[in-house]
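Quick notes on the structure that follows.
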Amino acid sequence: MRKSYRIKKEAEFQDVFEHGQSVANRNFVIYQLKRDQPHFRVGISVGKKVGHTAVMRNQVKRYIRQSLLELKPRIDPQADFLVIARKPATRLTMAETKKNLIHALTLAGILADEVDVI
């Protein structure tokens with residue numbers, strides 16, 4: 001994903017975290033804040049409690065980024081959102097990660113409609 005699609009600054013993370021609405025499922029927590037902008041922005045957080053090794057945390061982040069890239073056309077362009085992984089997310093395959101992310105994003109109202117998972 002290009003840099004313009006990412007939330008990187010701590011102040012922007014905190015703004016979405018403090019003023020946004022949250023929804024969750026077993027594997028992910030989504031914080032969302034609506035803004036007037038040309039495209040969505042996403043921040044991904046996988047803490048040390050989730051995966052004890054950097055390899056594990058980076059794999060979870062790669063799965064999340066790839067899932068979001070595949071869902072990009074269906075994501076609300078006016079959303080700034082954070083995806084925070086929970087501990088069970090380390091045991092998911094790529095397909096399971098995408099399925100769980102679709103569920104969480106649909107609950108948050110970020111995805112336009114239900115998507116078929118392949």
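Please treat every number below as a calculation from the coordinates, not as lab data. Treat the numbers as computed from the prediction; the structure is a model and nothing was measured. FYI the Cβ positions are ideal-geometry reconstructions off the backbone, even for glycines, and counts take in every protein chain you see.
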For the chain: rounded, prolate or oblate by the Cα gyration tensor [a/c cutoff 1.5]: oblate
At least 15 Å along the helix axis (C-alpha) and Kyte average at least -0.5, DSSP helices within the chain: 54-71, 94-108
Under 18 Å from K34, Cα to Cα: lysines that are on another chain or at least 8 residues apart: K8, K9, K72
Estimated distance in nm for a label pair at Q21 and L107, the labels positioned 7 Å out from Cα along Cα-to-Cβ: 1.4
Full-extension gain in nm, Q37 to R91, via 0.36 nm per residue minus C-alpha separation: 16.0 nm
Percent RCO, i.e. relative contact order, over the range 3-108, from Cα pairs under 8 Å lying at least 6 residues apart: 39
